[in-house]
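Below is one structure; the comments refer to it alone.
The values are calculated or read from the model by the stated rules, or taken from the named source; none is laboratory data. Every value quoted in this text rests on a predicted model; they were computed, and no experiment measured them. Counting neighbours? That spans all protein chains shown, and the Cβs are built from the backbone with ideal geometry, glycine included. Side chains are part of the model used for accessible areas, which takes the heavy atoms of the whole protein and leaves out ligands, DNA and RNA. Shrake-Rupley method; radii C 1.70, N 1.55, O 1.52, S 1.80 Å.
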Amino acid sequence: MTAPAADPSADPGAFLRALFDRAVEVADPMRSLATHLPPRPDGRVVVIGAGKASARMAEAVEAAWGSCEGLVITRYGYGRPCKGIEIVEAAHPVPDEAGAQATLRMLDLLAGLDEGDFVLALISGGASALLCAPVQGVGLAEKQAVNAALLASGAPIGQMNVVRKHLSRVKGGQLAAAAWPARMLALMISDVPGDDPAMIGSGPTVGDASTPADARTILDRWGIAVPDSVTRALQGGSGVIPPGDPRLSRVKNHIIAAPARSLEAAAEMARAAGCTVEILGDSLEGEAREVAAQHARLALSRQADGHGSGQPHLILSGGELTVTRRGTGIGGPNSEYCLALAIALAGAPGIHALACDTDGVDGAAEVAGAIIGPGTLSVMSLDLARQALSANDAHGFFQACDAQVITGPTLTNVNDFRAILTL
């Protein structure tokens, strides 16, 4: 049973943190997976998976089915004890050799399965980097360079994933095709706006109608220079599996946890604590600093209007914001959102906020996000805040004023969680 949230007026920071913890809790695979798992099939069962939540998902599978054959790839530090399923840890958000070698072993495991076999695929956010098998002619170093450039470009996750699919031998339905003619059930935890299964982890079990020409257009749109080998690969054909391909006919994809459920769980907790709640949606996208400016105006407007008739008012949102890297600092979209929000609010009394990634990692740092309040800019000056924002150094700023949220591995991933409280 979940503990009640702290009094929003007595300790706004603790209240916001409790809401975030609740959002993470309901997305824990140990809570959400079992109800979506069928009885263990007869015959050979192979469990595969990738993503920040995949090891926890594997743990939940074995809690229900007992020891299983299989291989799952997760982020360093996100491994879980399993009886039979091998857990491999690899790098995220830029892939590494450990992920590449484990992906090849996963393909070997799927080779030679027949129609009487059953594959359970466990997919969550992070699988795009962790499942790494570059197309012929593209090396790991070149794939790493493209991935890093995409992450720094500010491109939306959906567009990044189109490029990733056409440079991969496993994404865009190709992992499922490798297991054909075995039956496959893919259980997914969504971390993408709109919960499109084709975008979760770049859709390794879902067909895709995009083309290499679409990938080239995205690279041009975001000004991403790529090695000659990548240019050649995108000028040729693609292994991405189109929807309707017979090799996908025995695959079922099912989402078991999603951002909307986590936001609603936090909203229920806030209402029980006496708040009025406004949910802006679970699929917001855009530049973190620009969305923060919009949300600051909204919060100030709600406060001025006395929204909630004297009750604390909570504004919730999810989705995935982006950061266009301009400086050399250390940051991530949630911390940059909080920094830009603090600057826009300029110490307005009675407004507090939290923005965190539910996987516990904002950007590439081991920090979930940050909490701000009216006193944030009295701890650190407005000038220092603006300098940090210009340098994309939100993590450095919030570390200096002791306002970071550090959770360690949460073992799940339903993307950004943002909450603004007006008192």
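Tabulated values for the structure
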item	result
Output for the range 391-408, where each listed residue is open to solvent by 30 Å² or more (accessible area, probe 1.4 Å), within 25 Å of A152 (Cβ to Cβ) and not aliphatic (A, V, I, L, M)	D393, Q399, Q404, T407
From G137, G116, residue being over 29 Å from V323 (Cα atoms) and touching a strand residue (DSSP E or B) at 6+ places or on another chain (Cβ under 9 Å)	G116
Residue check, E285 outside any loop (DSSP other than H, G, I, E, B), open to solvent by 30 Å² or more (accessible area, probe 1.4 Å), touching a Ser or Thr at 6+ places or on another chain (Cβ under 9 Å) and within 27 Å of G51 (Cα to Cα)	yes
Tabulated pairs, the range 281-302, first farther than 9 Å from L341 by Cβ, second assigned to a helix (DSSP H, G or I) and basic (K, R), C-beta under 9 angstrom, 6+ apart or interchain	D282/R261
Qualifying residues in the range 199-223 (those that are in contact with a strand residue (DSSP E or B) (Cβ under 8 Å, 6 or more places away or on another chain) and at negative phi) - the one most open to solvent (accessible area, probe 1.4 Å)	V206
Helices (runs of 4 or more DSSP H) lying entirely in the range 373-419 (those with 2 or more residues that are of a type in the set (G, A, S))	382-390, 394-400
In the range 263-274, the residues that are within 20 Å of S301 (Cβ to Cβ) and surrounded by fewer than 16 Cβ atoms within 10 Å (Cβ to Cβ)	none
Hey, L187 open to solvent by less than 20 Å² (accessible area, probe 1.4 Å), closer than 27 Å to D357 by Cα and of a type outside the set (D, E) or not	yes
Only one of L341, L411, L345 that is farther than 24 Å from L314 by Cβ, crowded, with 17+ Cβ neighbours inside 10 Å and out of contact with any Pro (no Cβ under 6 Å at 6 or more places or on another chain)	L411
Qualifying residues in the range 372-390 (those that are in contact with a Phe, Trp or Tyr (Cβ under 9 Å, 6 or more places away or on another chain), open to solvent by less than 40 Å² (accessible area, probe 1.4 Å) and at pLDDT 95 or above) - the one farthest from I420 (Cα to Cα)	A388
Elements of type strands (runs of 3 or more DSSP E) contained in the range 41-151, each with 1 or more residues being hydrophobic (A, V, I, L, M, F, W, C) and open to solvent by 10 Å² or more (accessible area, probe 1.4 Å)	85-90, 118-124
Selected residue [over 28 Å from A182 (Cβ atoms) and over 21 Å from the mean Cα position of the chain (by Cα)] from D42, D11, D28	D11
Criterion: on the phi < 0 side of the Ramachandran plot, part of a loop (DSSP other than H, G, I, E, B), in contact with a helix residue (DSSP H, G or I) (Cβ under 7 Å, 6 or more places away or on another chain) and surrounded by 17 or more Cβ atoms within 10 Å (Cβ to Cβ) - qualifying residue of V226, V230, V277, V291	V226
Hits in the range 313-338 - residues which are open to solvent by less than 10 Å² (accessible area, probe 1.4 Å) and closer than 26 Å to S124 by Cβ	L316, S317, G318, G319, L321, G332, N334, S335, E336, Y337, C338
V240 vs. criteria part of a loop (DSSP other than H, G, I, E, B) and open to solvent by less than 40 Å² (accessible area, probe 1.4 Å)	yes
Filter result for D196 (free of Cβ contacts under 8 Å to residues at least 60 places away in the same chain, closer than 15 Å to I157 by Cβ and open to solvent by 50 Å² or more (accessible area, probe 1.4 Å))	yes
Residue count, the range 352-365 (criterion: surrounded by fewer than 24 Cβ atoms within 10 Å (Cβ to Cβ) and more than 17 Å from D402 (Cα to Cα))	2
Count of the range 312-365 residues which are part of a loop (DSSP other than H, G, I, E, B) and touching a Lys or Arg at 6+ places or on another chain (Cβ under 6 Å)	1
Residue in the range 188-200 that is in contact with a Pro (Cβ under 8 Å, 6 or more places away or on another chain), among the hydroxyl-bearing types (S, T, Y) and under 21 Å from V72 (Cα atoms) present	yes
